[in-house]
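Read through the structure below, which is laid out as structure tokens, and then see the notes.
What follows is calculated from the coordinates using simple rules that are stated; it is not laboratory data. Computed from a predicted structure; not experimentally measured. Neighbour counts are summed over all protein chains in view; Cβ atoms, including those assigned to glycine, are modelled from backbone coordinates with ideal geometry.
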Amino acid sequence: MSLNEAKLAQQLRAEGFGHTYVWLDRPNASYPDHTHATQTAHIILDGELTLIMADRSTTYCTGERCDVPAGAVHAARMGPTGCRYLIGEK
């Protein structure tokens with residue numbers, strides 16, 4: 001699946017996400033419980049990301065989006081091929 005990164009970033013900005021950027025994580029990378037001061041949106045461009053938040057684990061794949069509210073405690077784990085994703089912050 002080919003995703004138009006510029007169009008997706010424009011869509012996030014239209015939703016009020018003033019800062020957007022692409023992030024790349026290595027295979028099986030993980031982040032322990034943490035929070036962000038801002039709301040974040042993550043659109044998966046390639047690979048997969050498992051988000052653990054509020055005692056729920058959900059895996060997102062290419063083309064899918066997950067949002068994390070400001071201040072929400074969450075953890076993340078990348079899939080076996082890593083994950084490349086577009087992040088928006090507001």
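Stick to Cα atoms and the Kirkwood definition of Rh, then tell me Rg/Rh for the stretch 28-70.
So for the stretch 28-70, dividing Rg by the Kirkwood Rh gives 0.94.
Can you tell me, using C-alpha contacts under 8 Å and at least 6 residues apart, the relative contact order of the chain as a whole percent?
Across the chain, relative contact order equals 43 percent.
For the chain, what size does the Cα cloud have along each of its three principal axes, sorted from largest down, in whole Å?
Answer, in whole Å and largest first: 30, 30, 18 Å.
Out of Leu12, His42, Asn28, whose Cα points farthest toward the positive end of the dipole of the stretch 1-55 (charges: +1 Lys, Arg; -1 Asp, Glu; placed on Cβ)?
Leu12
Can you tell me the Rg and Dmax of the stretch 1-53, counting just the alpha carbons, in angstroms?
That works out to 12.5, 32 Å for Rg and Dmax.
Tell me, in nm to one decimal, what length is gained between Ala54 and Asp33 on full extension, where the rule is 0.36 nm per residue of separation less the Cα-Cα distance?
Contour length minus the Cα-Cα distance gives 6.5 nm.
Quick check for me: using +1 on Lys/Arg Cβ and -1 on Asp/Glu Cβ, what's the dipole size of the stretch 7-90 about its Cα centre, in debye to the nearest 20?
180 debye
For the chain, what does the helix formula give at 222 nm: sum of -39500 (n - 2.57) over DSSP H segments with n ≥ 4, over the residue count, nearest 500 deg cm²/dmol?
-3500 deg cm²/dmol
So, in nm, how far is label Lys7 from label Arg26 when the simple model puts each one 7 Å beyond its Cα toward the Cβ?
Modelled inter-label distance: 3.4 nm.
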